[in-house]
Amino acid sequence: MSRTKREKKSWKVWMKIFGIILLIIILLIGGVLLFLVHQLRKGAEGRAVNQAAMVKSDEELLGEHFYVPRQGLDPVDVNIYLPEDGENLPVVFNLHGGAFIAGDADTLDSQSLRLSQDWSAVIVTVNYKLAVDDIAIEYGTQEVVDTVKYFLEHAEEYRIDPNKAVLLGYSAGGYHAAMAAHTLERAGIDLAAQVLCYSFIGEVLDSFNALSQEQQANLPATLFVLADNDPISDGSLGYETALRGGGG
């Protein structure tokens, strides 16, 4: 056999080997992709099941289910906890966490009833829309803002002292609380206090720096509740320093 024929035969063998290897690689990649799609689908289904498990029926709920009306926008889903007696009561807007994509106001049901009874306060848990299906995080913040405005405008109906409004938020809820406080301050609405529990800070500092010095100084007294060895909690330290500088 001539050298040229041997080279052609060798080249054909190597091409067959290369083709087999390429086919194996394609099958492996396809299998991995199918596995990942299955896992993602399974994870999404699991999250949906977990999310649904957080929701209570109106019969199960200890508070009163209510929808805050808004002009030209969807109403805000809230739960209200009213003490039996008392006038000029404090009002606390209680905001759940969940990394912006999970969580539900109903998970705060028992706690909110207890706070209402122990503090003699009106508690409003805001079931802000989650940042899924192209809903922006800012939409949830605006729902909190509109809820605060509604209850302060209807303070007499709910036996609320409008000078005793407090925002209380956990993780993602803490972010909404802080950002809502800025928006309300720009609108000339003063809050009594805000409680930020291991809050995700994100763009809060940028929003704070965009306020005037007078607005920064008028922000409500703030209590930070932080956890040890927690990067999310550590993010609050810079905001605490900024608030101290602004007089908050």
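The values are calculated or read from the model by the stated rules, or taken from the named source; none is laboratory data. What you see is a predicted model, and the numbers here were worked out from it, not measured in a lab. We place every Cβ from the backbone using ideal geometry, glycine too, and count neighbours over all the protein chains shown.
Brief remarks follow.
Yes or no, residue by residue, for (1) in contact with a Lys or Arg (Cβ under 9 Å, 6 or more places away or on another chain); (2) at pLDDT 95 or above; (3) surrounded by 15 or more Cβ atoms within 10 Å (Cβ to Cβ):
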position: ALA177; (1), (2), (3): no, yes, yes
position: ALA181; (1), (2), (3): no, yes, yes
position: ARG186; (1), (2), (3): no, yes, no
position: ILE189; (1), (2), (3): yes, yes, yes
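- Unmet requirement for ILE232, which otherwise passes all of (1) under 16 Å from the mean Cα position of the chain (by Cα); (2) at pLDDT 95 or above: (2)
- Being at pLDDT below 95 and under 22 Å from GLU143 (Cα atoms) is a property that holds for TYR198.
- Condition met for GLN142 (closer than 27 Å to GLY202 by Cα and at pLDDT 95 or above): yes
- Selection from region 159-203 of residues that are of a type in the set (Val, Ile, Thr) and out of contact with any strand residue (DSSP E or B) (no Cβ under 9 Å at 6 or more places or on another chain): THR183, ILE201
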